[in-house]
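The values are calculated or read from the model by the stated rules, or taken from the named source; none is laboratory data. Predicted model only: the values in this text are computed from it and were never measured. All Cβ positions, even for glycine, are placed from backbone atoms using ideal geometry, and neighbour counts span all protein chains on display. Just so you know, the surface numbers come from the protein's heavy atoms only, side chains and all, with ligands and any DNA or RNA stripped out. Shrake-Rupley method; radii C 1.70, N 1.55, O 1.52, S 1.80 Å.
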Protein chains: 2
Amino acid sequence: MTDLSAIEAVTCDVFGTVVDWRTGVATRADALLSPLGIDLDGGRLADEWRARYAPSMGAVNAGARWRHLDDLQRESLAEILAAHGVADRVDEATREALVRAWHRLPPWPDSVAGLRAIGESRVVATLSNGGMALLTNLVKAARLPFDVIFSAELARRYKPDPAPYRTAVALLDLRPEQVLMVAAHEGDLEAARGVGLATAFVERPDERGPGGGAERAADSDADLVVSDLHDLARRLRGAGAAGTG
Amino acid sequence: MTDLSAIEAVTCDVFGTVVDWRTGVATRADALLSPLGIDLDGGRLADEWRARYAPSMGAVNAGARWRHLDDLQRESLAEILAAHGVADRVDEATREALVRAWHRLPPWPDSVAGLRAIGESRVVATLSNGGMALLTNLVKAARLPFDVIFSAELARRYKPDPAPYRTAVALLDLRPEQVLMVAAHEGDLEAARGVGLATAFVERPDERGPGGGAERAADSDADLVVSDLHDLARRLRGAGAAGTG
């Protein structure tokens with residue numbers, strides 16, 4: 001078992017862990033596509049978009065050239081619209097508005113207060129594949145009380161490549177075992193564990209919508225399994241902190 | 001005259017512009033050195049330390065190897081203590097506590113509320129030579145409402161090298177003319193202007209202590225001269241914003 005009193009900073013995955021990407025994207029898609037008479041369910045669009053998410057980033061990590069998440073999202077959206085035969089009915093401005101939907105997503109009910117509670121004893125950071133501008137917009141719009149924003153963009157490699165985790169630890173000027181990675185996704189935590197971070201799994205049963213098959217706590221190898229961010233704050237408070245200077 | 005309605009983000013110098021480094025360092029130095037019976041005025045130590053600040057960073061920019069600000073500060077402190085003949089009376093823990101004094105500095109009276117007011121219409125970021133960890137500690141301790149933290153560390157070059165300004169603009173996903181650099185130091189603004197940012201000079205007459213010769217507004221070539229951060233917030237609010245998405 002990990003020594004939680006050694007933890008100085010908590011790095012959080014964002015999409016799915018802190019914010020409800022599916023509801024946010026689906027709502028915006030319905031609002032933008034219905035007036036165009038396009039019969040494509042927002043939730044389905046969100047799911048198909050998210051399905052292309054990891055493969056598109058994997059291709060960047062496998063290649064030599066860094067590409068921004070917004071650009072990957074724009075390409076994935078074009079593929080989905082074409083697959084549904086509606087590509088010629090969705091103009092550039094609407095596509096851009098859809099891509100920007102990922103910049104403003106609703107937090108889970110516990111996120112704002114839970115992060116604030118964690119922040120009372122530790123530094124709280126994002127560690128997301130969203131770009132720095134996307135995360136800045138998202139954190140500001142939802143008033144998420146992060147102390148500092150870290151993005152894969154700073155390492156120019158996407159999670160689960162080890163580079164973004166190492167970059168965050170280095171920029172925090174900490175050792176890996178002083179940093180706790182929080183996510184609703186085991187793959188993210190596995191990669192963090194691979195570079196020496198402590199890990200906490202938070203279950204987000206609604207992440208993929210009704211019957212969508214979100215990842216479950218029972219399948220996690222994390223050091224800590226928590227029910228929500230309040231629960232994590234309590235566990236950390238109980239453990240105290242060695243204290244940052 | 002710059003079109004303020006084009007400004008989407010405000011990047012702020014920190015030491016001297018947002019926080020009162022001299023009072024913070026002097027107070028901490030007096031508290032740490034007096035008990036050791038060392039007769040070195042805290043304000044004088046702060047001034048001598050700050051005098052070594054720009055040269056130490058200039059040496060890094062001129063060289064091939066990036067070095068963290070904390071390391072530069074540690075070396076400068078050693079020089080000062082040696083120059084005063086007290087090197088052997090200040091142990092490692094005290095030196096470390098002195099270096100960490102730069103991680104917790106008091107904001108100017110208008111800083112917290114002024115930044116919050118600016119944040120109502122624009123993204124507000126740090127753009128400082130302090131490291132990411134230092135800035136995270138400082139912003140958190142003083143509850144400064146920055147949306148995102150940018151440090152020269154991200155570019156591995158110190159201001160006034162153009163790289164940190166360019167890095168901030170790129171990470172904001174903006175054009176230079178959409179970013180307003182705010183500082184109490186003309187050299188900082190001159191460098192920002194050199195890469196196309198808009199500039200605002202804020203006068204901090206007490207930055208260098210009584211009779212310390214802080215930079216004055218009359219000598220500034222900035223697009224905007226403001227009396228404090230509330231004044232800047234008013235000017236920006238008056239100009240509106242094109243609006244981020």
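For B:Glu190, the criteria (1) within 21 Å of A:Thr136 (Cβ to Cβ); (2) open to solvent by 60 Å² or more (accessible area, probe 1.4 Å); (3) in contact with a Ser or Thr (Cβ under 9 Å, 6 or more places away or on another chain) hold in every case but one, which is (1). Condition first: more than 29 Å from A:Met181 (Cβ to Cβ) and basic (Lys, Arg). Now tell me which residues in the stretch A:72-126 satisfy that. Residues satisfying the conditions are A:Arg89, A:Arg95. Annotation: of all residues in the stretch B:92-131 being hydroxyl-bearing (Ser, Thr, Tyr) and away from every other protein chain (no Cβ under 11 Å), the one that is farthest from B:His185 (Cα to Cα) is B:Thr94. Apart from one condition, A:Ala26 fits all of (1) in contact (Cβ under 8 Å) with a residue 12 or more places away in the chain; (2) not in a helix (DSSP H, G or I); the exception is (2). Flag set for B:Arg95, criterion: touching a helix residue (DSSP H, G or I) at 6+ places or on another chain (Cβ under 7 Å), basic (Lys, Arg), touching a residue at least 12 places away in the same chain (Cβ under 8 Å) and not in a loop (DSSP other than H, G, I, E, B).
Do we find that A:Pro162 is over 29 Å from A:Gly63 (Cα atoms) and open to solvent by 40 Å² or more (accessible area, probe 1.4 Å) in this structure? Give the derivation first.
Details: over 29 Å from A:Gly63 (Cα atoms): no; open to solvent by 40 Å² or more (accessible area, probe 1.4 Å): yes.
The answer is no for A:Pro162.
Tallying residues that are in a loop (DSSP other than H, G, I, E, B) and touching an Asp or Glu at 6+ places or on another chain (Cβ under 9 Å) within the stretch B:103-138 yields 10. Answer yes or no: is there a residue in the stretch B:58-69 that is touching a Ser or Thr at 6+ places or on another chain (Cβ under 7 Å), open to solvent by 10 Å² or more (accessible area, probe 1.4 Å), within 14 Å of chain A (Cβ to nearest Cβ) and touching a residue at least 24 places away in the same chain (Cβ under 8 Å). No, the conditions are met nowhere in the stretch B:58-69. The listed residues are A:Gly209, A:Gly213, and the only one of them that is in contact with a Gly (Cβ under 7 Å, 6 or more places away or on another chain), more than 14 Å from every other protein chain (Cβ to nearest Cβ) and closer than 20 Å to A:Pro107 by Cα turns out to be A:Gly209.
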